[in-house]
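Notes follow once the structure below has been shown.
Just so you know, all these numbers are worked out from the coordinates, no wet-lab data involved. Just so it is clear, the structure is predicted and the values come from calculations on it, not from any experiment. Here the Cβ positions follow ideal geometry from the backbone for every residue, glycine too, while neighbour counts run over all protein chains shown.
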Amino acid sequence: MVRQTIQIFARVKPPVRKQQPGIYSIDEDEKVTSSLEIILPRDLADGFVNNKRESYRFKFQRIFDQDANQETIFENIAKPVAESVLAGYNGTIFAYGQTGSGKTFTITGGAERYSDRGIIPRTLSYIFEQLQKDSSKIYTTHISYLEIYNECGYDLLDPRHEASSLEDLPRVTILEDPEQNIHLKNLSLHQATTEEEALNLLFLGDTNRMIAETPMNQASTRSHCIFTIHLSSKEPGSATVRHAKLHLVDLAGSERVAKTGVGGQLLTEAKYINLSLHYLEQVIIALSEKHRSHIPYRNSMMTSVLRDSLGGNCMTTMIATLSLEKRNIDESISTCRFAQRVALIKNEAILNEEIDPRLMIIRLQKEIQELKDELAIVTGEQRTEALTEAELLQLEKLITSFLEDQDPESRLEVGADMRKIHHCFHHLKKLLNDKKILGNDTVSSESKDQDCQEPLKEEEYKKLRDILKQRDNEINILVNMLKKEKKKAQDALHLSSMDRSEFRHSQNSPFPPGNPEEGQRLLLSSAPTQAQDFSTSGCRSSLLYRKTGMTEEMSLGRQEAFEIFKRDHADSVTIDDNKQILKQRFSEAKALGESINEARRTIGHLKEEITQRHIQQVALGISENTAVPSTPDLQEERLRSQLEEEKRRYKTMFTRLKALKVEIEHLQLLMDKAKVKLQKEFEAWWAEEASNLQVKSPAVNSLDHMKPFPQTSEAQHDQSQILFNKSGVYARKTLPCPCPNPRSQEQSRISTPLGNSIPERPMSSVPLTGDSQTDSDILAFIKARQSILQKKCLGSN
Ligand code: ADP
Ligand code: MG
């Protein structure tokens, strides 16, 4: 058992814009813990009447400042937890902090760069790497992904559903058994045999989460997400199985009601916006107070699900994410205070071992049979039915191995069944009789042989002696060759085991096990399409694919509008960047694939040469009548060292190709997700435009009411902080805002309503005549054209 308090870490997010200095300081000098001092800016502190404290100090296991990268966070926070999970203990890592402070960034990762991948993908990668290395146990990995919103649980991984709102996802409910263990009904567990499969599940869940989110439910800031890796391990032949769970939790934003920070509010505990975080806090207060017998876990779904992680059988770690800017000081102080309480909670993690029920059943069935047999003997109730063919065969096998066993102590165990005992005696008798007859036969045939032998002549003796000598020579040569062959086989075995271990976990990958040619072929075939068009980046997961394949169903007008929308969307820069990176990675992978093939060919040639060399040497030995060459063959040594060098090169290239493969997959998934996001935002924008048009119809006379395309990514990221301006419209840098240019206004006036309007482009190019177009499609199409015009006129200025 491991007793440990919950470990607390802090991570400070880099500021969005330049930050005034001196808001906080980190003291790393202390040996065991570090401390964070938050200094209240004077203008804020002046507002306090009741309490004039100007700085607050909080202790953490470690504090990661703005420059800490994702790798550092993984190495220091998540890796130790992953290690204890591999050893069989439960683990939890949860991120807590206000919206925008970096919880999702820390737990899942950034949506743009590969290097920004967070704790979940890195932990998956680490765990699968370790599982591969450890061949002493049999491991099984399952993944589940739960979202809790408004006290309801949703399964993010259900592949049968195509969610367009949270309610479309399967509802997960809590069941408690008589031992008060929590079970989650309807939460699907998916086996993942490779890192790639697990990563696909993560992206599937994230995509579902994003699609299900609406401005009404704001799920990403108000819901909790629990990604769980279920790991079981068993030694071969043993009936004991170890189970461990690792929860990686992205909590809802911890913001509280009073956020003004003036009039003394700052120092009072404001109320959470999120009710289940309020219950979480209650549980934590109860746990941190001594002598509290009742812990109110049952008040909320989240505390019920995380019961073991809080004061139970689990090694738990909390990451307090802080966005230490002036306007966030009060929230940051609340986050740190919460962490200080959490640090008081003691957990007791135990190894979760149990007997495998299947093996237990086999064992018990055997015992029952033995007892039945014994009972039959004791009660004298002998069984009369004949033994089956299979039973007879089994018995005969037992007798054979008993007779072959050299151990004088060995026993023939057939159980307490008299039918079996009788059969054994019969069989033994038969064997004995057969042997006697055979023995007689051999004796008579030997004597016959001797009888017909004749004295050998002198020359025949000589001839035989020569043959003997010749055979001796031959044997020597063959022995030598055999030795060399053995060595060669060992070398080959070594190389192939190297290959196998390189490839073992890439079964479903573009590079199949031990076959770089094939990998390269696939790479080559996929490279152009992948790099040219992210929309066809494969069907890694059917759901992701389905969700990204919506464009084909669009009407022409919508398609055109979507193209413009896509081009102007802030994310398109990221997508383009990633496309470029992907292109580079593909060509690097392609080049590497070619070099690997080259290396394989060279290795093959070198081996061939070495074999040839051998044969030559042996032949030389025969001709000079010396079985083994006396001096070492320099040429062969040189070939061998060349071979070793080539193998090393091969291995290095392989490792790089493997890393590239992971990166390519990750980038593809990021791009898929970005595309789904784009599509979703477009649909929302389109629907809004269409409804605006219907309200205002038939007058589509000005661009003024047309909401620009959505906000930049930066604005999205900082949504909690920079709210929309008063008119409710957030102006984007990259987008056409209502055009001040008189020419464009004139043009927009030309584009008047349906029927009597003449779109700016000739009618022939506008698909107005198609019956399948809905009115709103046509109207929106005209709007899209207006938007193009507007951009054109902006561009010409
Ligand atoms: P939360 O999940 O807490 O609401 P996010 O993780 O979504 O916050 O972070 C908000 C924004 O800040 C995102 O754009 C994210 O990429 C960025 N961000 C957060 N933490 C970091 C960091 N440590 N380094 C760089 N960018 C960060
Ligand atoms: Mg988040």
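Tabulated data
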| read-out | value |
| --- | --- |
| Only Lys, Arg (+1) and Asp, Glu (-1) charged, at Cβ; region 192-249 dipole about Cα centre in debye | 300 debye |
| Tensor-based shape of region 329-435 (alpha-carbon gyration tensor, a/c under 1.5 rounded, otherwise prolate or oblate) | prolate |
| Prolate/oblate/rounded label for region 127-194 (Cα gyration tensor, a/c 1.5) | oblate |
| Listed residue pairs exceeding 28 Å between alpha carbons, taken from K366/K436; K234/K420; K483/K647 | K366/K436; K234/K420 |
| Lys, Arg +1 and Asp, Glu -1 on Cβ, resulting dipole of region 77-233 about Cα centre, debye, nearest 20 | 400 debye |
| Hydrodynamic radius of region 632-686 per Kirkwood, over alpha carbon pairs, in Å | 15.0 Å |
| Of N347, V414, I399, farthest towards positive along the dipole that unit charges on Lys, Arg, Asp, Glu beta carbons give region 320-451 | N347 |
| Only Lys, Arg (+1) and Asp, Glu (-1) charged, at Cβ; region 315-386 dipole about Cα centre in debye | 660 debye |
| Extension gain, E179 back to E688 (0.36 nm per residue minus Cα-Cα distance, nm) | 178.0 nm |
| Set K245/K661; K372/K429; K566/K658; K579/K673; K103/K675; K133/K607 screened for pairs whose C-alpha atoms are more than 25 Å apart | K245/K661; K372/K429; K566/K658; K133/K607 |
| Peptides 366-375, 602-611, 196-205 ordered by average Cβ neighbours within 10 Å, highest first | 196-205, 602-611, 366-375 |
| Residue-wise HN-Hα coupling along region 166-176, computed from phi with Karplus coefficients 6.51, -1.76, 1.60 (Hz; x: Gly, Pro) | 4, 5, 6, 7, x, 6, 9, 10, 9, 10, 10 |
| Dipole of region 135-237, positive direction: furthest Cα of T221, L169, N200, with charges on the beta-carbon | N200 |
| Amide hydrogen neighbours beyond the local backbone of T92, cut-off 5 Å, H modeled | H247, M315, T316, T317 |
